[in-house]
Amino acid sequence: MKQIYFLLCILALLTSCHTNSERDYIRRGNRYYRQAQNDTTSLDNAVTEYQKALSVDSTCARAHYNKGDALILQGKDSVALEEFKLAKQNEQNPLRISHICHNMGVLLQGDKQFAQAIECYKEALRNNPSDDESRYNLALCQYQLKNDENNQDGNGQDNQQNQDDQNQDQNDNKNKQQDQNGNQNKDEQQQSDKGDKSDEQKQNEDAQQDQQKQKPNEISKDAAEQMLNAAMQNERRTQERINKYNQSLEDRKSNSQNRRIIKNW
């Protein structure tokens, strides 16, 4: 009995040391993380300490979560997202699950994966209905998704309009070619007829042609249509540039807002 009791005491002691060591690593990692606000070189040390905690317990949700936060500051968003996924798998506390889902939503939203980000924010609110930050990000993300879909629809309509314009230009060129061929045949016929006409008729025809040549301000129908098509295409290109510029401003605004509301433990 004494031997069994002795072994149980040793086992309990080892378990206690195991847990304290894990917590110590996390505490040291948190200290380095706070220092990193003014000293970015401390981020590497923070990540190292969190990894040491995970080497003791690979299922430690807090270590995964804090490591993900540190990786975000290092600009390693894709790796941070994987850490948050692991934290979510092993976390039971609803409030902390809400924080995990919120941060996952921030990363996905920054990567313009709006549909996935929306689901993360919804799950964050299901676990913490009073989370106003996730509620704000959810509304913003839904707005961005709608704009993204509208822009895609607009691009499709513009492509169809461009195709229609090209088809119209091809038809105009075909009609123009037919008119030229008809005029050429007409000229040849008139040239043949001229041999049979009197000098007086020739003079009248020459006079009429001279009168027609004296109207320099008139524009042909084909030329007018080409000018109109060119003006419409220039207007579309200008509007596209304006839309792209406005979208880039909106993206920069949303990213700057989202990065300030990453949740920490």
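The values are calculated or read from the model by the stated rules, or taken from the named source; none is laboratory data. No experiment lies behind these values; they were computed from the predicted model shown. When we count neighbours, we look across all protein chains shown, and the Cβ atoms used for this are built from the backbone with ideal geometry, even at glycine.
Just a few scattered comments:
- Residue tally, condition farther than 17 Å from Gln109 by Cα, touching a helix residue (DSSP H, G or I) at 6+ places or on another chain (Cβ under 6 Å) and part of a helix (DSSP H, G or I), over the range 124-140: 1
- Verdict on Ser21 being surrounded by fewer than 18 Cβ atoms within 10 Å (Cβ to Cβ), in contact with a helix residue (DSSP H, G or I) (Cβ under 8 Å, 6 or more places away or on another chain) and at pLDDT below 95: yes
- Pairs are defined by a Cβ separation below 7 Å, a sequence spacing of at least 6 or placement on different chains, a first member in the range 68-90 that is within 16 Å of Asn45 (Cα to Cα) and in contact (Cβ under 8 Å) with a residue 12 or more places away in the chain, and a second member that is charged (D, E, K, R) and in a helix (DSSP H, G or I); the pairs so defined are Gly68/Glu83; Leu71/Glu83.
- Selected residue [hydrophobic (A, V, I, L, M, F, W, C), at pLDDT 70 or above and touching a Ser or Thr at 6+ places or on another chain (Cβ under 8 Å)] from Leu73, Leu43: Leu73
- Qualifying residue in the range 100-118 (condition: without any contact (Cβ under 8 Å) to a residue 12 or more places away in the chain, part of a helix (DSSP H, G or I) and not aromatic (Phe, Trp, Tyr)): yes
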